[in-house]
Amino acid sequence: MAVTIDEVAAHAKVSPMTVSRVVNGHSKVRESTRERVMEAVRAMGYVPNRAASSLAAAQDARVALIYTNPSAAYLRELLLGALHGAARTAAQLVIDDWEGFDAAAERKAARALARSVGGVILPPPLCESRVVIEELTRAGVPVVAIASGHFNHDISSVRIDDYLASKEIVEHLVKAGHTRIACIKGHPNQMASTRRFEGYQAALKEAGIAPDANLVQQGYFTYRSGLDAVEKLLALRKPPTAIFASNDDMAAAAISVAHRRGLEVPRDLSIVGFDDTSAATTVWPELTTVRQPISSMADSAIDILLRTIRHRPSDTRVVVDHVVAHQLVLRDSVAPPVDGGKSRG
């Protein structure tokens, strides 16, 4: 039968906790005690259970992922990354849905959460909730924001450069010959939406294309909002020849509306998205889009939290701003406009 930690503790006349500290290399043990424990370990042939040690180390690394994101495809990538990170590090992952919470409910939920977890991951839009961040940081709980539109000096973040990414994909449409390029904006409660719209505007300005307010529609990162926005754009007297949607769900909706109206994508209308979620490859034609590595960003957020929880000095708060690379993914939803776009006018 394998020797247990309790038997080693009894032999060395110390507590099981002290044995655990010695075999795991903790420094806060007197040298005479350490020698007595190690003598007992050698004499009894004790072999530490590394799996149990990993689980024990994770007791103070109970990490919460809170979501309210309306995109099912985005949420899927987020959960896959967080689950992979938790499994890889033996952290305990708590997943909770705060959909529909107002500011007061968010504050109450954050206050309760701070008493039960060692760290919190906040994806959009909660990563920019002032009340949630205030409650968690006041309680000393480390927080990592995923895909926030800007760096908040109070919390760590894992994000891409939304401005540059959207500028690059709109420049791709410009290089294809488009000048009437519409934009479906993201939800106004997220800074990333603002940054993506700013990138769209910058690409047009650098190309010498005058802005047209009629070609800008408000979306909310949902498929339904994409349908509504595209119906308005295609009903214009002079509709766009290309559409930049601020996420793949809305871009997929744009393809659906185009097909229903008898338009061929990309011959009659080019459409691009953002994120490269599963929605980008479950439509026809598959979407040209920006790859935001959501899954690996969530995985990285777990690492940042665990390093902070397990190694942070008690009198120092360290925050990390990890900007990851995005990628322009070229598929089949973009082509030059027919007759330079004149036939659509």
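Each reported figure results from applying straightforward, stated rules to the coordinates on display, with no laboratory input. These numbers come from a predicted model, not from an experiment. In this analysis, Cβ positions are derived from the backbone assuming ideal geometry, glycine residues included, and neighbour counts consider all displayed protein chains.
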Neighbourhood net charge (12 Å Cβ-Cβ; Lys/Arg +1, Asp/Glu -1) for Phe101: -3
Burial order of peptide ranges 123-129, 278-284, 72-78 (average beta-carbon count within 10 Å, highest first): 123-129, 72-78, 278-284
Using alpha-carbon coordinates, inclination of helix 191-206 to the longest axis of the chain, degrees: 40
Selected from Val8, Val19, Val41, residue furthest toward positive end of dipole (the range 5-48; charges at beta carbon): Val19
Length added when fully stretched, Arg130-Asn189, from 0.36 nm per residue minus Cα-Cα: 20.1 nm
Under 5 Å, built H, 5+ apart or other chain: amide partners of Arg261: none
Peptides 100-113, 8-21, 292-305, 165-178 ordered by average Cβ neighbours within 10 Å, highest first: 292-305, 165-178, 8-21, 100-113
In degrees, nearest ten, helix 103-113 long axis to first principal axis of the chain (Cα): 30
Cα-based helix-to-principal-axis angle, 72-89 vs the chain, degrees rounded to 10: 20
q = 0.15 Å⁻¹: log10 I(q)/I(0) that the Debye formula gives for the range 5-48, counting C-alpha atoms only: -0.26
The chain - share of DSSP beta bridges that are antiparallel (%, nearest 5): 10
The range 5-48 - charge dipole about Cα centre, Lys and Arg +1 at Cβ, Asp and Glu -1, debye rounded to 20: 180
Bins of 20 Å from zero: percent of alpha-carbon pairs in the chain: 28, 42, 21, 8, 1
Per-residue [θ]222 nm for the chain (sum of -39500 (n - 2.57) over DSSP H runs n ≥ 4, rounded to 500): -13500 deg cm²/dmol
Highest-MSF residue in the chain out of Glu198, Glu35, Glu134 [GNM, Cα springs under 10 Å]: Glu35
Links that overshoot a 20 Å alpha carbon limit, given the list Lys167/Lys205; Lys175/Lys205; Lys108/Lys185; Lys185/Lys205: Lys108/Lys185
Cβ-based charge dipole, the chain, positive-most Cα from Ile294, Gln218, Ile133: Ile133
